[in-house]
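Asks: Input: one structure, supplied below.
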Amino acid sequence: MKLRIILTLVLVVLSVWIVFATISTHAQTPQGSVISRPGGPIQQPSDDTIRVKVAVVNAPVTVRDTRNELVLDLHKENIHVFDNDVEQTIDTFDLSAEPLSVVLVFETSQRIAPLLPAVQKSAIVFTQAVVGPSGEAAVLTYDAGVQHLLPLTEDRDAIEKTIKTLRAGNSGARLYDAMIDALSLLRNEPANRRRVVLVVGEASDTGSENRLGRVLRRAQLENVVIYSVGLSTTSAITRSPQQSPSSSATPAGTFGGKAMPGTVQTPTSQEQYGGNLDLLNLAEWAVRNVQAVVKDRPLEVAATATGGLFQSAVRDSTIEKAVDSIGGELNSQYTLSYHPTKTDDPGYHHIRMTVDRADVKIRTRPGYYLEGN
């Protein structure tokens, strides 16, 4: 009898201890975080972590005149911003006032190996023109995998050394997976820093688990701007005769998966995306259909969807010029923020801006996507 009572008491104590330990664990784990197994790969947060109401929208604003020169004398009173056609109150409007947090993403596949010396030569341009004296940068590379070479740091010597020692890998090109990793590195950066991803690589992806639409949806919600320097596959191939372009599973200009609403994909439809308006439509379509495949011009679409800039680099000399051009824009760009009001509906939210000045063009991110409950 005494033994039965003792066993019962032990079971009660153990039950209370288990309940207490469970409550403590949940209390100490931040909402939305993911616990990784010791020694296992770091797990990426699920999409549920970004299914929240947008508290503040930050948007890069680039304004150019008819000569394509940057306009640098605008004030908050000159700008009007609309969220789903509802005019918003602008909280801040400054000219490149916030320091940069940049993740530099380099393709190192065998396909572009002949171009790597030119990329390495541009190392100082990345630190001086892009990162600047008050910025910080991380370095990622990608082939069939994604390599984290350097965490976010203000050490410009370390950044330059990492770029100068880039080495070619295998034949893969997991572009979208690398971009997702870059976004993860920027997720916890302070609100007073501008978040930028700069991709240097081909406009193609092979083997990624993620799709471009998912990358863009996260970038828009997390206020990250994507810039890109498109390397020329043709230029690389001419230097390596043993390599040949990979064959496409679908005709040029077509998309695997669902077509854009209201359009018919044909082998010549790629020509229709020459204008900015078409790229905006394609960017919105990709964000709405995160699992669909965007086959053509993904780097341009990524820049358009986030308010960034795409620069094509056909020759070695144009790589430095492209990086320098991006750096010039980043250091001559306005940043605008607002708290969305009267626009809580789920779905895609269009951002539209106007400027009270004639003969200028304004460029910003086109919108963001809110998940339903």
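The values are calculated or read from the model by the stated rules, or taken from the named source; none is laboratory data. Since we're looking at a predicted model, the values are computed, not measured. FYI the Cβ positions are ideal-geometry reconstructions off the backbone, even for glycines, and counts take in every protein chain you see.
Asks: Of the residues R67, R111, which is basic (K, R) and part of a loop (DSSP other than H, G, I, E, B)?
Replies: R67
Asks: Of all residues being closer than 22 Å to Y369 by Cβ and acidic (D, E) in region 294-320, which is surrounded by the most Cβ atoms within 10 Å (Cβ to Cβ)? Just the residue, please.
Replies: The selected residue is E300.
Asks: Quick check on region 86-96: of everything there that is in contact (Cβ under 8 Å) with a residue 60 or more places away in the chain and part of a strand (DSSP E or B), which residue is farthest from the chain's Cα centre (by Cα)?
Replies: Kept after step one, since they are in contact (Cβ under 8 Å) with a residue 60 or more places away in the chain, are these residues of region 86-96: 86, 88-96.
Among the residues that remain, those that are also part of a strand (DSSP E or B) are: 86, 90-95.
On the way: V86: 26, I90: 24, D91: 24, T92: 23, F93: 22, D94: 22, L95: 22 Å.
The qualifying residue farthest from the chain's Cα centre (by Cα) is V86.
Asks: Let me ask something else. Any idea which of V105, V139, V146 is closer than 25 Å to R365 by Cα, out of contact with any Gly (no Cβ under 6 Å at 6 or more places or on another chain), aliphatic (A, V, I, L, M) and without any contact (Cβ under 8 Å) to a residue 40 or more places away in the chain?
Replies: Exactly one of V105, V139, V146 is closer than 25 Å to R365 by Cα, out of contact with any Gly (no Cβ under 6 Å at 6 or more places or on another chain), aliphatic (A, V, I, L, M) and without any contact (Cβ under 8 Å) to a residue 40 or more places away in the chain, namely V139.
Asks: Output the qualifying pairs, or none if there are none: Cβ atoms under 9 angstrom, residues six or more apart or on different chains, first residue in region 74-85 and among the hydrophobic types (A, V, I, L, M, F, W, C), second residue in a loop (DSSP other than H, G, I, E, B) and surrounded by fewer than 17 Cβ atoms within 10 Å (Cβ to Cβ).
Replies: Every condition considered, the pairs that remain are L74/D356; L74/R357; I79/D356; V81/T89.
Asks: Restricting the search to region 321-339, which residues are more than 19 Å from R194 (Cα to Cα) and crowded, with 19+ Cβ neighbours inside 10 Å?
Replies: Correct list: A322 only.
Asks: Counting only residues that are in contact (Cβ under 8 Å) with a residue 12 or more places away in the chain and among the hydroxyl-bearing types (S, T, Y), give me the helices (runs of 4 or more DSSP H) lying completely in region 152-238 with at least 1 of them.
Replies: 156-164, 175-186
Asks: Right, next: Is there any pair linking a residue in region 352-364 that is assigned by TED's automatic domain parsing to the domain that holds H80 and without any contact (Cβ under 8 Å) to a residue 12 or more places away in the chain to one that is among the β-branched types (V, I, T) and surrounded by fewer than 12 Cβ atoms within 10 Å (Cβ to Cβ), with Cβ under 8 Å and at least six apart or on different chains, and which?
Replies: Filtered contacts from region 352-364: no entries.
Asks: Of the residues that sit in region 264-279 and are polar (S, T, N, Q) and not in a loop (DSSP other than H, G, I, E, B), which one is modelled with the highest pLDDT?
Replies: Taking the candidates together, the pick is N276.
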